[in-house]
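Data first, discussion second: the structure below is written as structure tokens.
The values are calculated or read from the model by the stated rules, or taken from the named source; none is laboratory data. Note that this is a predicted model, so its numbers are computed, not measured. All Cβ positions, even for glycine, are placed from backbone atoms using ideal geometry, and neighbour counts span all protein chains on display. Accessible surface areas use protein heavy atoms only, side chains included; no ligands, DNA or RNA. Shrake-Rupley method; radii C 1.70, N 1.55, O 1.52, S 1.80 Å.
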Amino acid sequence: GNHTMHHYDMSRISEKAAFTKELQDLEALYKDTTGRDMPKYYRPPQGKFSESNLEQTRTLGYQTIFWSLAYVDWYTDKQPSPQEAYDKLLPRIHPGAIVLLHSTSQTNADILDELLTKWEEMGYSFGSLDQLASKSA
């Protein structure tokens, strides 16, 4: 989905044209890169939003998706140990969780298979946003 072109704090952008440009520029890049239309999901950078932002994303045909579980994993030069990651992630998982894991994290890459296996052992299953959205409709 769309996370904006420049990762600005979108709650500070009130001008409709500037807000729209952030989403449409990334849509165009996605289309140029993949040859496909971008799925119409939007995750505000840093989870910051305003009511007008939510309305603008609806107007553009997007469904806004927020994460419900995250930890500090994005500093490439200050990665948590695998044990620190497990200590943060395992006890905080919950039904319906949307987990934010950054792909820039070497720790996430190292533990992902085991983390998903542990969550499956706890009774959780996984789905795409399309699958989850169709279940809630």
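General observations
- Pairs of Lys in segment 1-103 closer than 21 Å at Cα, counting only those 8 or more apart or on different chains: 8
- Estimated FRET transfer efficiency (S125, Y30; beta-carbon r; R0 30 Å; 0.05): 0.60
- Computed from the C-alpha gyration tensor, the three semi-axes of the ellipsoid equivalent to segment 1-79 are 21, 17, 12 Å, from longest to shortest.
- Each residue of the chain gets 134 Å³ once the volume of the Cα convex hull is shared out per residue.
- Placing a label point 7 Å from the Cα of K21 along the Cα-to-Cβ direction, the residues of segment 29-69 whose backbone N falls under 17 Å from that point are 29.
- Karplus-derived 3J(HN,Hα), 6.51/-1.76/1.60, for each residue of segment 55-70, Hz, glycine and proline x: 5, 5, 5, 4, 4, 7, x, 8, 9, 7, 10, 10, 7, 10, 8, 8
- Solvent exposure of the chain amounts to 64 Å² per residue of accessible area, where only protein heavy atoms count and the probe is 1.4 Å.
- Helix-only arithmetic for the chain: the sum of -39500 (n - 2.57) across DSSP H runs with n ≥ 4, divided by the residue total, places the mean residue ellipticity at 222 nm at -13500 deg cm²/dmol.
- Only one residue of F49, T59, Y30 has its Cα farthest out toward the positive end of the dipole of the chain, where Lys and Arg carry +1 and Asp and Glu -1 on Cβ, and that residue is T59.
- Among the chymotrypsin sites (Phe, Trp or Tyr not before Pro) within segment 43-109, those in coil by DSSP and having at most 14 neighbouring Cβ atoms inside 10 Å are F66, W67, Y75.
- Low-density loop positions, GluC sites (Glu not before Pro), segment 12-43 - DSSP coil, at most 13 other Cβ in 10 Å: E15
- Extended-chain gain in nm, criterion 0.36 nm per residue less alpha-carbon gap, D110 and E51: 17.5 nm
- The trypsin sites (Lys or Arg not before Pro) found in segment 1-93 that occupy coil by DSSP, while having at most 13 further C-beta atoms within 10 Å, are R36, K48, K78, R92.
- Between the helical axis of 16-34 and the longest alpha-carbon principal axis of the chain there is an angle of about 60 degrees.
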